[in-house]
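In what follows, a structure is listed as structure tokens, so that the remarks can point back to it.
The values are calculated or read from the model by the stated rules, or taken from the named source; none is laboratory data. Please read all numbers here as calculations on a predicted model, not as lab measurements. With ideal geometry, Cβ positions are generated from the backbone for all residues, glycine too; neighbour counts draw on all protein chains shown.
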Amino acid sequence: MKYRSAVFRKKPYNDNDGGDFVKAVAEMTDYHIKHNEKYAALCLDAGFTTDMLKTEKDLEKLPFIPTLTFKRHCLFTLPEKRIPVKATSSGTGGAAGVIGFELSGLFCALKMVLKIFSYKKLFSLKPTNYVIFGYKPDKNNKTAVSKTAFGATLFAPALHRTYALTRRNGRYEADLDSVCKAIVGYCKRRHPVRFMGFPSYTYFAMKLLADKGINVKLPKGSKIMLAGGWKQYYREQVDKKEFYDTAKRVLGVDDCDIVEFYGAVEHPVSYCDCKNHNFHIPSYSRVIIRDVTTLKPLPYGRTGLVELITPMIKATPITAVMPDDLGVLYDGESCGCGIKSPYLKIIGRVGLKDIKTCAAGASELLGEIKL
Ligand SMILES: [Zn+2]
């Protein structure tokens, strides 16, 4: 896996790879074809062989798997004893997809996260109070979202963690009143505060503070980190500008201290927004937008189905996957932040009614609390 290693040694952005990405995808696809009968059959069916992958443009020939498939079938390439981590993509209703990760793939993921976090200057040695707008992890909740939210509290030493969603009588409840009290309490101390989690809950907590007439100033060095969320944004229709304005007004946090992440269990690449809040494609992945009916690749600026490609994982054939998102890709240079790779905007979902995700689950929960 020498090309995969080369890809995950790259800087997150503007690091010319001299064709390593395509070679890494070919190397990984070869591996899945050799060790996974179902995947080999899929490639055979599509008339695909890895020698067809020579340039970036050829990536569009690679067969992709809709993420829904992982919710219905177990598609591991490696035997289960070599899969130390299994992550489920949805924990709050609906079918859960299971994606297995092997140690070497997890190591790539770790290198990627460290590079992206240091690029965004998110490591800190200052003791920090955390407000987590997500699920409090426990032995019954193994979703990737709760693991990620907890993991993100390790990048600056945690003094205290307050969770917005806690389990009571066997089900999760959002307790934003307690969260608001914790925020006010944290602001009386000198330690920085970090918010982490679903944008929708973060927004509703800020609204609740505003409704109570409370305006605070989070201590210097505080950050708002959003994750798990484009889907939420779509469901809840929270406008980004309104979000940043509210954060400034209610918490005294500038938009440069608000960082948003995107990632999916089926495509575990970390996407982080740039200073203009666009999601550029990092060195570790590629994105193709396809026409909804013909599935032909579309140029920049056109809306279609989103296909996500990464050579990260051997345990499950997630090299090219298609979630149920609709998106648009834009020329990176048009952003103006200095990052050259294209950026992706997710603008909706297909099959909203029949596909239940954690986003839908979260909005059901929101419906149960009075705001
Ligand atoms: Zn940018």
- Identify, please: which residue in the stretch 165-177 is in contact with a strand residue (DSSP E or B) (Cβ under 7 Å, 6 or more places away or on another chain) and not β-branched (Val, Ile, Thr) and is, among those, modelled with the lowest pLDDT? Tyr172
- Query: If you check Leu75 against the conditions, is it in contact (Cβ under 8 Å) with a residue 40 or more places away in the chain, out of contact with any Asp or Glu (no Cβ under 6 Å at 6 or more places or on another chain) and within 30 Å of Ile339 (Cβ to Cβ)?
  - Reply: no
- Quick one: would you say Phe133 is among the hydrophobic types (A, V, I, L, M, F, W, C), modelled with pLDDT of 75 or more and under 27 Å from Ala96 (Cα atoms)? yes
- Item | In the stretch 105-132, residue nearest to Ser178 (Cα to Cα) [restricted to those that are among the small types (Gly, Ala, Ser) and crowded, with 16+ Cβ neighbours inside 10 Å] | Ala109
- Can you find even one residue in the stretch 332-345 that is modelled with pLDDT under 95 and surrounded by fewer than 20 Cβ atoms within 10 Å (Cβ to Cβ)? yes
- Query: How about the stretch 251-277: which of its residues are within 13 Å of the ligand (Cβ to nearest atom), buried (at least 19 other Cβ atoms within 10 Å of the Cβ), in contact (Cβ under 8 Å) with a residue 24 or more places away in the chain and not hydrophobic (A, V, I, L, M, F, W, C)?
  - Reply: Glu260, Tyr271
- Message: Please list, ordered by residue number, the helices (runs of 4 or more DSSP H) wholly in the stretch 1-98 having 1 or more residues that are within 17 Å of Pro268 (Cβ to Cβ).
- Response: 2-8, 20-35, 67-72
- Which one of these does Asp325 not meet: (1) touching a residue at least 40 places away in the same chain (Cβ under 8 Å); (2) within 15 Å of the ligand (Cβ to nearest atom)? (2)
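Per-residue answers, yes or no, for (1) surrounded by fewer than 14 Cβ atoms within 10 Å (Cβ to Cβ); (2) of a type in the set (S, T, N, Q):
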{"position": "Arg9", "(1), (2)": "no, no"}
{"position": "Met28", "(1), (2)": "no, no"}
{"position": "Lys34", "(1), (2)": "yes, no"}
{"position": "Asp51", "(1), (2)": "yes, no"}
{"position": "Leu62", "(1), (2)": "no, no"}
{"position": "Thr67", "(1), (2)": "no, yes"}
{"position": "Leu78", "(1), (2)": "no, no"}
{"position": "Val85", "(1), (2)": "no, no"}
- Determine whether the stretch 231-238 contains at least one residue that is over 30 Å from Thr29 (Cβ atoms) and under 14 Å from the mean Cα position of the chain (by Cα). yes
- Note on the structure: For the stretch 1-27, pairs from a residue that is within 21 Å of Phe279 (Cα to Cα) and in the same structural domain as Leu308 (by TED's automatic domain parsing) to a residue that is of a type in the set (Val, Ile, Thr) and in a helix (DSSP H, G or I), with Cβ under 7 Å and 6 or more apart or across chains, are Pro12/Ile116; Asp17/Val7; Phe21/Val7
